[in-house]
Amino acid sequence: MIDSSIGNAIFYIKFKVHGRDVRALYEKMLPIYFARMMYKSIKSKVYGKLAGATILEYTLDEVLLTLRTDFQTLETMLGHGKPFLFGMTPTIADFTLFGHLSVVFYLPFSNPVQNLLNEEFPLVKAHLKIMMKNYFPEYETLPDLGYIR
């Protein structure tokens, strides 16, 4: 679920829905020519992956419905008084979830994943924050690019 369903939805939102915003972010951080070349290469690979999973045929609403279902499952798993998916210690699943969510949650523009976590899934958002604080504290203070926290 985390690597396929959630991962594909994150790529869809990041590159199909917010592709221009992501490219503009790359252009803020890197020399223009390199940023555009890198974005084009990454987008091509992402679209190949999404085409293979047939997710490019879906509407944003359909992708969000699937993502909402996945987040509800995670919310249920985290709802038993434990900070991580399978107990008190993080597993590879926790780090994989963090990797997928952090690359879209901390983008400096509003997006559907931020909205879902902020409005509907507080335990999944808390998991993301715990992982950031405990395992990646050097990134708690992100560069001032307008990041939403």
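For this structure, a couple of remarks:
- Qualifying positions in the stretch 50-72 - part of a helix (DSSP H, G or I) and either surrounded by 16 or more Cβ atoms within 10 Å (Cβ to Cβ) or touching a helix residue (DSSP H, G or I) at 6+ places or on another chain (Cβ under 7 Å) (or both): LEU50, ILE55, LEU56, LEU60, VAL63, LEU64, THR66, LEU67, ARG68, ASP70, PHE71
- No other residue among LEU85, LEU74, LEU78, LEU101 is of a type outside the set (Lys, Arg) and touching a His at 6+ places or on another chain (Cβ under 7 Å) apart from LEU78.
- Flag for LEU101 being touching a Phe, Trp or Tyr at 6+ places or on another chain (Cβ under 9 Å), modelled with pLDDT of 95 or more and closer than 22 Å to ARG23 by Cα: no
- Selected residue (criterion: farthest from the chain's Cα centre (by Cα)) from residues of the stretch 1-34 that are in a loop (DSSP other than H, G, I, E, B) and loosely packed, with under 14 Cβ neighbours inside 10 Å: PRO31
- Just so you know, in the stretch 75-84 the residues that are surrounded by 14 or more Cβ atoms within 10 Å (Cβ to Cβ) and touching a Leu at 6+ places or on another chain (Cβ under 7 Å) include one that is farthest from HIS127 (Cα to Cα), and it is MET77.
- Scan of the stretch 85-104 for residues that are over 16 Å from ASN134 (Cβ atoms) and crowded, with 17+ Cβ neighbours inside 10 Å, ordered by number: HIS100, VAL104
- ASP61 modelled with pLDDT under 95 and of a type outside the set (A, V, I, L, M, F, W, C): no
- Remark: pairs (first residue in the stretch 23-49, under 19 Å from ALA9 (Cα atoms); second residue in a helix (DSSP H, G or I) and among the hydroxyl-bearing types (Ser, Thr, Tyr); Cβ separation under 8 Å; 6+ apart in sequence or on different chains) = ARG23/TYR39; TYR39/TYR26.
- Matching residues in the stretch 121-140 - criterion: being touching a helix residue (DSSP H, G or I) at 6+ places or on another chain (Cβ under 7 Å), among the charged types (D, E, K, R) and within 20 Å of ILE2 (Cα to Cα): LYS125
- TYR106 vs. criteria of a type in the set (Ser, Thr, Tyr) and modelled with pLDDT of 95 or more: no
The values are calculated or read from the model by the stated rules, or taken from the named source; none is laboratory data. What you see is a predicted model, and the numbers here were worked out from it, not measured in a lab. Counting neighbours? That spans all protein chains shown, and the Cβs are built from the backbone with ideal geometry, glycine included.
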